[in-house]
């Protein structure tokens, strides 16, 4: 028997919550932004009216105002969004105990074991949830219904706002395969660009690729995407409280062209360390050390690890530690095909406090870095990894440091 998985996505969540207390603005273009007083602030969310003017998330305020001079800008109220997120998930919890939040406005539900309590029809249950959220909270959601989490998420994106889309065993080829490959979960800009170079523009074209070729192009992600595109994903819906802390957290990448320069390598390590650091903070974990693995063009792997003087979950400290470690067994000009950065010797937050040294000149800088990366986490939780990233660093910075 197939599972019944729902992906529920609140429509224009930040803007919709703001409009609950500003009903006078419902019929005008509205955007929520980080700092309305700054022309360099970015758009965090927009309502349907604003979307008609081509306003997109993460563009600057001045760009948005250029498209729509009458755009009304509102500051965010994150505590309010958290409250409404909890209220929505409480409604979901009345249909199943298997509710897995994916972000503040998205959740997966597994109704396989409880669907019979709600009439036995998945679309009917989804529609009932949509109507309840609208009636009780004044918010709208789009819901995807399918037999796995990946397709359910594609379904919630397929038609918006306030809609239910069913992707079944019978229709998934017709719905999923024509979609742009970038619509698939975890296909970011970098992966999309690599696939595009080989003529892979749709999910169907991705599904037709050899898994070995995809792994060669994208590393482990390649095989994962092959599984997703062919409807073979079977990850369970995991309630928050059942999540187990990982024993290590790693991120790797295979490059289109071999890396040979130090600035290229440091940029690559920084991007990987950024991903690792964000995931550490998500689990409230700290790394006691770091491991770096490189692969040469002839597929020879070399790996080293080292411990830190004090645990960290900061991107810059992980990247600097990884670079120092790598330079103990790699020399510039020696080509690198793949790099992996792994946080090791993990401890939870309660075990990772360190005595603050008031004479340490680096302490204020570290505090600023903590605030910066925490702010970036909030943006990415809502809008994905591509919404904001660290700039490339290195003595010989160039326009395309990563081949």
Residue pairs meeting the criteria (Cβ under 8 Å; at least 6 apart or on separate chains; first at positive phi and not assigned by TED's automatic domain parsing to the domain that holds residue 193, in the stretch 253-279; second surrounded by fewer than 22 Cβ atoms within 10 Å (Cβ to Cβ) and assigned to a helix (DSSP H, G or I)): none
Any chance the stretch 57-72 includes a residue that's within 21 Å of residue 134 (Cα to Cα) and touching a residue at least 60 places away in the same chain (Cβ under 8 Å)? no
By residue number, the members of the stretch 122-141 that are touching a residue at least 24 places away in the same chain (Cβ under 8 Å), surrounded by fewer than 20 Cβ atoms within 10 Å (Cβ to Cβ) and more than 23 Å from residue 15 (Cβ to Cβ) are 123, 127
Taking residue 188, is it buried (at least 17 other Cβ atoms within 10 Å of the Cβ) and in contact (Cβ under 8 Å) with a residue 60 or more places away in the chain? no
Answer residue from the stretch 280-312, given it is touching a residue at least 60 places away in the same chain (Cβ under 8 Å) and in contact with a helix residue (DSSP H, G or I) (Cβ under 7 Å, 6 or more places away or on another chain) and is surrounded by the most Cβ atoms within 10 Å (Cβ to Cβ) among those: 286
Are there any strands (runs of 3 or more DSSP E) wholly within the stretch 266-369 with 1 or more residues that are at pLDDT below 85 and either under 21 Å from residue 222 (Cβ atoms) or within 27 Å of the chain's Cα centre (by Cα) (or both), and if so which? 336-348
Is it fair to say residue 81 is part of a helix (DSSP H, G or I) and surrounded by 15 or more Cβ atoms within 10 Å (Cβ to Cβ)? yes
Filter result (touching a strand residue (DSSP E or B) at 6+ places or on another chain (Cβ under 7 Å) and more than 22 Å from residue 115 (Cβ to Cβ)) within the stretch 163-189: 177, 178, 179, 180, 181
Restricting attention to the stretch 3-18, which residues are surrounded by 22 or more Cβ atoms within 10 Å (Cβ to Cβ) and not in a strand (DSSP E or B)? 4, 12, 13, 14, 15, 16, 17, 18
Where residue 116 falls short, out of the listed (1) outside any helix (DSSP H, G or I); (2) within 22 Å of residue 149 (Cβ to Cβ): (1)
Checking the structure you have, find out if any residue of the stretch 113-121 is touching a strand residue (DSSP E or B) at 6+ places or on another chain (Cβ under 9 Å) and either surrounded by fewer than 16 Cβ atoms within 10 Å (Cβ to Cβ) or modelled with pLDDT of 95 or more (or both). no
Across the stretch 88-112, the tally of residues that are in a helix (DSSP H, G or I) and either touching a strand residue (DSSP E or B) at 6+ places or on another chain (Cβ under 7 Å) or exposed (fewer than 14 other Cβ atoms within 10 Å of the Cβ) (or both) stands at 4
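The values are calculated or read from the model by the stated rules, or taken from the named source; none is laboratory data. Worth saying up front: this structure is predicted, and the values here are computed from it rather than measured. Methodologically, a virtual Cβ is constructed for each residue, glycine included, from the backbone with ideal geometry; neighbour enumeration extends over all protein chains shown.
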